[in-house]
Structures are given as structure tokens and as C-alpha cells.
Protein chains: 2
Amino acid sequence: MPMTRTSLNHHNCSLARTVDIIGDKWTLMIIRDAFYGFRRFKDFKTRLGITQAVLSDRLANLVEHGILDRTAAEGQHPEYRLTEMGRDLFPLVVGLVQWGDRWIHGANGPPILIRDRVNAQPVSLALRNSAGKPVDSSDVEVSPGPGATPATLAEFARLARHA
Amino acid sequence: MPMTRTSLNHHNCSLARTVDIIGDKWTLMIIRDAFYGFRRFKDFKTRLGITQAVLSDRLANLVEHGILDRTAAEGQHPEYRLTEMGRDLFPLVVGLVQWGDRWIHGANGPPILIRDRVNAQPVSLALRNSAGKPVDSSDVEVSPGPGATPATLAEFARLARHA
């Protein structure tokens with residue numbers, strides 16, 4: 001799939017690069033289902049109701065980028081499991097689910113609960129500063145980092161002049 | 001844009017509904033730029049290098065769903081600002097950027113720094129349980145909630161039998 005899409009890699013931004021790999025609705029839903037415990041092609045296909053071709057393409061993309069591992073024991077159906085890189089997407093998946101729960105879920109309450117195994121209480125995602133205090137967008141400043149290109153530096157300089 | 005795409009609303013999942021609204025690469029990059037402080041059509045267009053038509057479509061979608069507010073003072077260019085619902089996406093934007101920083105950024109280091117205004121230290125996203133302890137996907141269980149449809153209940157029952 002990324003081969004046929006406009007690549008965002010020329011954008012000097014980790015979000016752009018991330019979105020280029022996982023910013024596709026079916027890809028995100030496959031990752032979600034992998035966290036829910038689904039592992040087989042057939043299960044993903046049933047859950048998502050997509051064609052074999054689209055699912056194969058998305059799974060190959062996820063394996064190629066190191067997010068899913070494909071293992072096939074002899075005579076068994078292949079299984080797809082999240083790698084360490086893939087498991088590191090868990091806070092994002094929870095964030096997407098909980099944002100939807102807060103802002104757009106139906107009147108019946110959350111369709112899915114994501115809870116601590118030990119005490120069955122909800123887990124939650126929070127942005128914190130180095131002292132562990134919750135912060136939001138107004139507490140934070142965004143600035144060019146060591147990997148910024150001249151174009152990125154120029155855009156932020158222009159933004160600072162306008163502000 | 002959602003009008004011409006396959007709607008995921010029939011999926012009984014807050015992630016599917018969220019992805020249906022914001023799970024588009026340009027939409028996510030517009031939201032990112034709105035957090036960085038960009039507000040005008042021309043700025044988004046320059047930053048993203050997309051056509052007027054695509055940008056108009058994505059901005060209209062974000063306004064329609066209540067993520068951006070469009071204000072136009074007389075004789076001024078309209079400005080697009082994040083609403084409360086939009087600002088609540090900040091942890092997700094930080095999560096996308098930081099996942100990219102960890103797993104796919106270039107050798108030069110992060111292009112963009114997201115830091116606490118007060119002490120200039122990095123902020124970080126973490127999933128925590130109700131006692132404030134960091135948790136990961138292995139500490140968490142996913143189960144049908146009050147808003148689950150019979151189909152969702154059946155799928156999770158099937159998963160439990162296979163596990």
C-alpha cells in the first residue's frame with residue numbers, strides 16, 4: 001500500500017512518517033484486533049469485512065515495517081503477532097478508543113472496555129511532564145529539534161514572527 | 001471526505017468511529033499543524049503541499065465534526081482553531097510523533113521537540129491504571145462493554161473459546 005500512496009517521508013516530521021505506515025483505517029483496525037488477541041487471516045477478514053486482497057496488502061505492509069511478525073508452523077495457518085515495535089502502539093490504540101468513547105460513542109456507553117487485569121478498573125492515557133504532572137497542549141511548547149531540516153526551521157521561524 | 005469513503009460506523013467500536021473521522025493522513029497532519037499554531041488556509045496549504053480541493057475538503061470535515069472552529073472576522077482571512085474536542089486529541093498527536101521518534105526517525109534525532117513550557121523537559125505519554133502505575137498491553141484486558149452489540153459479544157465469546 002505505501003508503494004501506491006503519496007509518500008509523506010519527505011515531510012520532516014515523525015508524525016508524517018508514522019502516518020505513512022499506520023495512518024490507514026484498515027491498518028489501524030488490524031492493529032486494534034491484534035491487541036484484542038486475534039491472530040489469523042480468517043479472523044481479521046471476518047471482523048473487518050474486507051476483501052482478501054486488501055487484507056493481504058495491509059498485513060504484508062505491517063510485517064514489512066516490523067509491526068507484526070508472521071509465523072507459520074508446519075501444516076498450520078500462519079499467525080500474525082505484534083512485535084515489540086507493534087506493542088508500543090498500545091497507548092495510541094487506547095487513546096483512539098477512549099477519545100471515541102468520550103466524544104462520539106453512542107448513547108449505550110463504550111462498546112469495549114480496556115481495564116487493568118488485576119483490579120478491573122479502567123486504564124487511562126495521560127501526557128505528563130518530567131515531574132509526573134499531567135499536562136495539556138497549553139502547557140507544552142513545540143520547537144524544531146536536532147533532526148529539523150532548514151525548511152522546518154524556516155517554517156517555525158515564520159510562525160514565531162506571526163505569533 | 002467521509003461521505004465518499006466506506007463508513008466504519010457499522011463497526012461497533014469507538015476506534016472505528018474515531019478512525020472514520022480522523023484516520024486520514026492529511027487530516028492528522030492538519031490537526032498536528034493546528035497544535036503547532038498554524039491557523040490559516042494558506043499556511044496549511046504551504047506546509048502540506050496539497051491541493052486546494054483536498055485541503056478544503058479536510059478542513060470542512062474537521063469543522064463539521066467539531067474538531068476545528070472556523071472564525072472569520074470581517075475583511076480578514078478565516079482562521080481554524082482547535083475546539084475542546086480537538087484539543088483533546090493532543091495526547092494522540094504526541095503519541096504518534098513520539099512513536100515515530102522511537103521507531104522510525106532518522107539518524108539526526110527528532111525533527112520536532114515537544115516540551116514542558118516551564119522546565120523545557122520532554123513530556124511523555126503513558127498508560128496508567130487507576131492507582132497511577134504505568135501499564136502496558138500485557139497488564140490489560142479487553143472485554144465487551146455496555147454498548148457492545150450482539151455481534152461484538154459473539155466475536156469476543158469466540159475469541160475466548162480459542163484462547
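Compute the normalised compactness of chain B: alpha-carbon radius of gyration over 2.2 N^0.38 Å, N being the residue count.
For chain B, the normalised Cα radius of gyration comes out at 1.26.
I want to check a number: in the protein assembly as shown, how many lysine pairs have alpha carbons closer than 23 Å, given a sequence separation of 8 or more or different chains?
6
When chain A is treated as a GNM, springs tying every alpha-carbon pair under 10 Å, which of A:Lys133, A:Lys42, A:Lys25 comes out with the largest mean-square fluctuation?
A:Lys133
Which ³J(HN,Hα) values, rounded to whole Hz and listed in residue order, are derived for the stretch B:22-31 from phi using the Karplus coefficients 6.51, -1.76 and 1.60 in 6.51 cos²θ - 1.76 cosθ + 1.60 with θ = phi - 60°, glycine and proline given as x?
3J(HN,Hα) across the stretch B:22-31, in whole Hz: 10, x, 9, 4, 6, 4, 5, 6, 5, 4.
In whole Hz, with x marking every Gly and Pro, tabulate ³J(HN,Hα) for the stretch A:75-83 from phi via Karplus 6.51 cos²θ - 1.76 cosθ + 1.60, θ = phi - 60°.
x, 10, 5, x, 10, 10, 10, 5, 7
Please work out the Cα center distance from the stretch A:112-152 to the stretch B:49-80, rounded to the nearest Å.
The two parts, judged by their Cα centres, are 27 Å apart.
222 nm [θ] for chain A, helices only, -39500 (n - 2.57) per DSSP H run of 4+, per residue, to 500?
-13500 deg cm²/dmol
Tell me the per residue accessible area of the stretch B:50-163 using a 1.4 Å probe; a whole number in Å² is fine.
Averaged over the residues of the stretch B:50-163, the accessible area is 52 Å².
For A:Arg161 and A:Ala53 in the same chain, what is the full-extension length gain: residue separation times 0.36 nm, less their Cα-Cα distance, in nm?
Contour length minus Cα-Cα distance gives 34.0 nm.
What's the extension gain from A:Glu64 to A:Arg40 if we count 0.36 nm per residue and subtract their Cα-Cα distance?
Roughly 6.9 nm would be gained on extension.
If you consider only alpha-carbon coordinates, what radius of gyration and Dmax does the stretch A:120-163 have, in Å?
According to the Cα coordinates of the stretch A:120-163, Rg and Dmax are 15.8, 50 Å.
Once both labels are modelled 7 Å past Cα along the beta-carbon direction, what's the B:Arg102-A:Thr149 spacing in nm?
My value for the distance between the label points is 2.6 nm.
Over both sides of the A-B contact, add up the buried accessible area with a 1.4 Å probe and give it to the nearest 100 Å².
8400
The values are calculated or read from the model by the stated rules, or taken from the named source; none is laboratory data. Bear in mind the structure is a predicted one, so any value in this text is a computation, not a measurement. In this analysis, Cβ positions are derived from the backbone assuming ideal geometry, glycine residues included, and neighbour counts consider all displayed protein chains. Surface areas here come from the heavy atoms of the whole protein model, side chains and all, with no ligands, DNA or RNA. Shrake-Rupley method; radii C 1.70, N 1.55, O 1.52, S 1.80 Å.
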